[in-house]
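Step one of this worksheet: look at the structure below.
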Amino acid sequence: MELFGNIGGSDHLEGILLTDKTASTLYYPHVDNNGWWTGIVAYNPSASACTITITPYSAQGIPLAPSNQSIPGKGKYVGTVSELNLPADTAWFKIDSPQPLSGFELFSAVSENQLAAYAGGSGPAKAGVFAKVEKNGWTGIAFVNTEADAASVTLTAYADDGNAVAAQVLPVGGYAKVVNLAEAIFSQDIGEATYIAYSSDRNVMGFQLNGASDGMMLDGLPALGGTN
(Lines give C-alpha, C1' and ligand atoms only; values in the text may rest on other atoms or scores of the structure.)
Protein backbone atom coordinates (compact mmCIF):
# COMPACT_ATOMS: atom_id res chain seq x y z
CA MET A 1 0.00 0.00 0.00
CA GLU A 2 0.93 3.67 -0.28
CA LEU A 3 0.70 5.94 2.77
CA PHE A 4 0.17 9.70 2.87
CA GLY A 5 0.91 11.81 5.93
CA ASN A 6 2.25 15.17 7.03
CA ILE A 7 5.45 16.33 8.66
CA GLY A 8 4.81 18.69 11.55
CA GLY A 9 1.52 20.44 12.25
CA SER A 10 -1.58 18.37 12.93
CA ASP A 11 -1.36 14.61 12.60
CA HIS A 12 -3.10 12.77 9.81
CA LEU A 13 -2.42 9.59 7.85
CA GLU A 14 -4.19 7.76 5.05
CA GLY A 15 -3.36 4.94 2.67
CA ILE A 16 -4.49 3.31 -0.55
CA LEU A 17 -3.92 -0.24 -1.72
CA LEU A 18 -1.53 -0.64 -4.64
CA THR A 19 -3.17 -2.27 -7.65
CA ASP A 20 -2.45 -3.11 -11.27
CA LYS A 21 -5.98 -2.10 -12.36
CA THR A 22 -6.11 0.46 -15.15
CA ALA A 23 -8.92 1.89 -17.29
CA SER A 24 -9.39 4.15 -20.29
CA THR A 25 -12.04 6.12 -18.38
CA LEU A 26 -11.43 7.17 -14.78
CA TYR A 27 -14.24 8.57 -12.64
CA TYR A 28 -13.65 11.06 -9.82
CA PRO A 29 -17.03 11.07 -8.06
CA HIS A 30 -16.49 13.73 -5.42
CA VAL A 31 -15.11 17.26 -5.55
CA ASP A 32 -15.57 19.41 -2.44
CA ASN A 33 -14.19 22.91 -1.95
CA ASN A 34 -16.50 23.92 0.92
CA GLY A 35 -14.07 23.75 3.84
CA TRP A 36 -12.18 20.92 2.15
CA TRP A 37 -9.55 20.48 -0.53
CA THR A 38 -9.56 17.73 -3.14
CA GLY A 39 -6.34 16.39 -4.63
CA ILE A 40 -6.33 14.45 -7.88
CA VAL A 41 -3.88 12.03 -9.52
CA ALA A 42 -4.03 10.27 -12.90
CA TYR A 43 -0.96 8.17 -13.76
CA ASN A 44 0.08 6.99 -17.21
CA PRO A 45 1.89 3.63 -16.75
CA SER A 46 2.78 3.41 -20.45
CA ALA A 47 6.13 4.50 -21.87
CA SER A 48 4.23 6.53 -24.48
CA ALA A 49 2.71 9.96 -23.89
CA CYS A 50 -1.05 10.39 -24.17
CA THR A 51 -3.58 13.23 -24.38
CA ILE A 52 -6.44 12.98 -21.90
CA THR A 53 -9.84 14.68 -21.95
CA ILE A 54 -11.16 15.97 -18.61
CA THR A 55 -14.97 16.37 -18.58
CA PRO A 56 -16.43 18.00 -15.44
CA TYR A 57 -20.10 18.02 -14.44
CA SER A 58 -22.17 20.10 -12.07
CA ALA A 59 -24.21 18.45 -9.32
CA GLN A 60 -27.27 18.79 -11.57
CA GLY A 61 -25.55 16.83 -14.35
CA ILE A 62 -24.74 19.79 -16.60
CA PRO A 63 -21.55 19.16 -18.60
CA LEU A 64 -19.04 21.93 -17.99
CA ALA A 65 -16.18 23.08 -20.20
CA PRO A 66 -13.91 20.10 -21.01
CA SER A 67 -10.16 20.40 -21.32
CA ASN A 68 -7.27 18.41 -22.74
CA GLN A 69 -3.95 17.67 -21.07
CA SER A 70 -0.89 15.75 -22.16
CA ILE A 71 0.62 13.18 -19.81
CA PRO A 72 4.15 11.99 -20.64
CA GLY A 73 5.03 8.32 -20.50
CA LYS A 74 5.30 7.23 -16.84
CA GLY A 75 4.01 10.73 -15.96
CA LYS A 76 1.14 12.14 -13.87
CA TYR A 77 -1.70 14.62 -14.06
CA VAL A 78 -1.67 15.79 -10.45
CA GLY A 79 -2.78 18.72 -8.30
CA THR A 80 -5.62 20.17 -6.26
CA VAL A 81 -8.90 21.19 -7.90
CA SER A 82 -7.93 24.87 -7.72
CA GLU A 83 -4.48 24.21 -9.22
CA LEU A 84 -5.98 22.23 -12.10
CA ASN A 85 -8.39 25.06 -12.99
CA LEU A 86 -11.52 22.94 -12.97
CA PRO A 87 -14.72 25.03 -13.17
CA ALA A 88 -15.87 26.38 -9.80
CA ASP A 89 -19.14 24.41 -9.85
CA THR A 90 -17.49 21.05 -10.62
CA ALA A 91 -19.16 18.34 -8.51
CA TRP A 92 -17.48 15.37 -10.21
CA PHE A 93 -15.55 14.65 -13.39
CA LYS A 94 -14.18 11.91 -15.58
CA ILE A 95 -10.97 11.47 -17.53
CA ASP A 96 -10.95 9.71 -20.90
CA SER A 97 -7.68 8.47 -22.35
CA PRO A 98 -6.61 6.50 -25.44
CA GLN A 99 -4.32 4.52 -23.10
CA PRO A 100 -5.28 2.89 -19.79
CA LEU A 101 -4.55 4.99 -16.69
CA SER A 102 -4.73 4.55 -12.94
CA GLY A 103 -5.78 7.26 -10.51
CA PHE A 104 -7.12 8.30 -7.13
CA GLU A 105 -8.35 11.26 -5.08
CA LEU A 106 -7.36 12.67 -1.69
CA PHE A 107 -9.74 14.66 0.53
CA SER A 108 -8.70 16.77 3.49
CA ALA A 109 -10.35 19.24 5.80
CA VAL A 110 -8.79 22.69 5.47
CA SER A 111 -7.96 22.37 9.18
CA GLU A 112 -5.71 19.43 8.14
CA ASN A 113 -6.98 17.22 10.97
CA GLN A 114 -8.53 14.70 8.56
CA LEU A 115 -7.34 12.99 5.40
CA ALA A 116 -9.07 10.38 3.24
CA ALA A 117 -8.23 8.67 -0.05
CA TYR A 118 -10.45 7.26 -2.78
CA ALA A 119 -9.22 4.86 -5.47
CA GLY A 120 -11.62 4.14 -8.28
CA GLY A 121 -12.27 0.44 -7.74
CA SER A 122 -14.04 -1.40 -10.55
CA GLY A 123 -15.95 1.54 -12.05
CA PRO A 124 -19.70 2.18 -12.41
CA ALA A 125 -22.11 -0.60 -11.45
CA LYS A 126 -25.80 -1.24 -10.90
CA ALA A 127 -25.40 -2.64 -7.38
CA GLY A 128 -23.10 -2.25 -4.41
CA VAL A 129 -22.67 -2.17 -0.65
CA PHE A 130 -21.53 0.56 1.74
CA ALA A 131 -19.86 -1.74 4.23
CA LYS A 132 -19.86 0.45 7.36
CA VAL A 133 -22.21 2.97 8.89
CA GLU A 134 -20.07 4.92 11.37
CA LYS A 135 -21.49 4.80 14.92
CA ASN A 136 -18.99 7.18 16.56
CA GLY A 137 -19.31 9.96 14.03
CA TRP A 138 -20.94 10.29 10.62
CA THR A 139 -21.26 8.55 7.25
CA GLY A 140 -21.67 10.52 4.04
CA ILE A 141 -22.82 8.82 0.84
CA ALA A 142 -22.43 10.05 -2.73
CA PHE A 143 -23.89 8.69 -5.96
CA VAL A 144 -22.86 9.80 -9.44
CA ASN A 145 -24.99 8.71 -12.39
CA THR A 146 -22.57 8.01 -15.24
CA GLU A 147 -25.39 7.70 -17.81
CA ALA A 148 -27.48 10.33 -19.60
CA ASP A 149 -30.84 8.93 -18.43
CA ALA A 150 -32.09 9.43 -14.87
CA ALA A 151 -31.37 6.62 -12.41
CA SER A 152 -33.57 5.16 -9.71
CA VAL A 153 -31.44 3.88 -6.85
CA THR A 154 -32.99 1.67 -4.17
CA LEU A 155 -31.10 1.65 -0.87
CA THR A 156 -31.69 -0.86 1.93
CA ALA A 157 -30.14 -0.40 5.37
CA TYR A 158 -29.34 -3.58 7.32
CA ALA A 159 -28.40 -4.49 10.87
CA ASP A 160 -25.56 -6.94 11.63
CA ASP A 161 -28.03 -9.83 11.82
CA GLY A 162 -29.06 -9.24 8.18
CA ASN A 163 -32.49 -7.83 8.97
CA ALA A 164 -33.56 -4.84 6.88
CA VAL A 165 -33.96 -1.67 8.96
CA ALA A 166 -35.17 0.76 6.29
CA ALA A 167 -35.50 1.19 2.53
CA GLN A 168 -35.46 4.28 0.34
CA VAL A 169 -35.70 5.05 -3.38
CA LEU A 170 -33.34 7.83 -4.45
CA PRO A 171 -33.63 9.52 -7.87
CA VAL A 172 -30.35 10.62 -9.48
CA GLY A 173 -30.61 12.64 -12.69
CA GLY A 174 -28.56 11.97 -15.79
CA TYR A 175 -24.87 12.73 -15.11
CA ALA A 176 -25.98 14.20 -11.77
CA LYS A 177 -24.55 13.73 -8.29
CA VAL A 178 -26.40 13.27 -5.00
CA VAL A 179 -24.50 13.51 -1.72
CA ASN A 180 -25.83 13.54 1.84
CA LEU A 181 -25.42 12.03 5.28
CA ALA A 182 -26.72 8.46 5.38
CA GLU A 183 -29.46 9.21 7.90
CA ALA A 184 -30.66 12.17 5.82
CA ILE A 185 -31.10 10.00 2.71
CA PHE A 186 -33.60 7.71 4.48
CA SER A 187 -37.02 8.88 5.60
CA GLN A 188 -37.03 6.08 8.22
CA ASP A 189 -34.73 5.82 11.24
CA ILE A 190 -31.52 3.90 10.46
CA GLY A 191 -30.03 4.12 13.93
CA GLU A 192 -29.73 0.31 14.12
CA ALA A 193 -28.17 -0.05 10.66
CA THR A 194 -24.54 -1.10 10.27
CA TYR A 195 -24.32 -1.32 6.46
CA ILE A 196 -26.28 -0.24 3.39
CA ALA A 197 -26.84 -2.05 0.07
CA TYR A 198 -28.15 -0.49 -3.11
CA SER A 199 -29.37 -1.44 -6.58
CA SER A 200 -29.91 0.86 -9.54
CA ASP A 201 -31.45 0.70 -13.01
CA ARG A 202 -28.48 2.70 -14.35
CA ASN A 203 -24.74 2.47 -13.87
CA VAL A 204 -23.70 4.62 -10.92
CA MET A 205 -20.58 5.31 -8.90
CA GLY A 206 -21.16 4.80 -5.18
CA PHE A 207 -18.79 6.32 -2.66
CA GLN A 208 -18.77 6.86 1.11
CA LEU A 209 -16.86 9.00 3.61
CA ASN A 210 -16.79 8.04 7.30
CA GLY A 211 -15.73 10.65 9.83
CA ALA A 212 -15.13 10.43 13.60
CA SER A 213 -17.10 12.63 15.98
CA ASP A 214 -13.85 14.06 17.41
CA GLY A 215 -12.69 15.12 13.95
CA MET A 216 -9.55 12.97 14.10
CA MET A 217 -10.46 10.22 11.60
CA LEU A 218 -11.68 10.19 8.00
CA ASP A 219 -12.00 7.23 5.61
CA GLY A 220 -12.94 7.22 1.94
CA LEU A 221 -14.32 3.97 0.51
CA PRO A 222 -15.77 2.99 -2.87
CA ALA A 223 -18.89 0.89 -2.71
CA LEU A 224 -18.14 -2.83 -2.62
CA GLY A 225 -19.41 -4.92 -5.51
CA GLY A 226 -22.94 -6.28 -5.21
CA THR A 227 -25.51 -8.19 -7.23
CA ASN A 228 -28.53 -6.63 -8.86
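The residues of the chain expose on average 48 square angstrom of accessible surface per residue, using a 1.4 Å probe on protein heavy atoms.
Rounded to a whole number, what % of the accessible area of region 25-159 do carbon and sulfur atoms account for, probe 1.4 Å?
On the way: 2800 of 5510 Å².
Of the solvent-accessible surface of region 25-159, carbon and sulfur hold 51 percent.
Within region 60-203, all pairs of alpha-carbon atoms sorted by distance into 5 Å bins from zero give the percentages 2, 7, 15, 18, 19, 16, 12, 6, 3, 1, 0.
Among Thr38, Thr146, Thr154, what's the order by accessible area (1.4 angstrom probe), most exposed first?
Thr154, Thr146, Thr38
Each helix, a run of at least 4 DSSP H residues, gives -39500 (n - 2.57); summed and divided by the residues of the chain, these come to 0 deg cm²/dmol at 222 nm.
Here r is the Cβ-Cβ distance between Asp96 and Leu181 and R0 is 35 Å; the resulting FRET efficiency, rounded to 0.05, is 0.65.
Can you figure out the FRET efficiency of Gln69 with Ala159, using R₀ = 30 Å and their beta-carbon distance, to the nearest 0.05?
On the way: r = 46 Å, r/R0 = 1.54.
Calculated value: 0.05.
Taking only Cα atoms and a 10 Å spring cutoff, compute GNM fluctuations for the chain and point out the largest among Glu183, Glu83, Glu192. Evaluated over the chain, the most mobile residue of the options is Glu83. Note on Ile62 and Ala167: the model spin-label points, each 7 Å out from Cα along the C-beta direction, lie 3.6 nm apart.
When the chain is treated as a GNM with alpha-carbon contacts under 10 Å, the residue of Tyr175, Tyr57, Tyr77 showing the greatest mean-square fluctuation is Tyr77. Measuring gaps between exposed loop sites in the chain (trypsin sites (Lys or Arg not before Pro); DSSP loop; at most 13 other Cβ atoms within 10 Å), the longest gap, sites not included, is 136-228.
Going by accessible area, probe 1.4 Å, with all protein chains left in place, what is the ranking of Met216, Met205, largest first?
On the way: Met216 110, Met205 5 Å².
So, going from the largest accessible area down, we get Met216, Met205.
The values are calculated or read from the model by the stated rules, or taken from the named source; none is laboratory data. Computed from a predicted model, the values in this text were never measured in an experiment. No Cβ is skipped: glycine too gets one built from the backbone with ideal geometry, and neighbour counts run over all protein chains shown. These area figures cover heavy atoms from the full protein model, side chains too; ligands, DNA and RNA do not enter into them. Shrake-Rupley method; radii C 1.70, N 1.55, O 1.52, S 1.80 Å.
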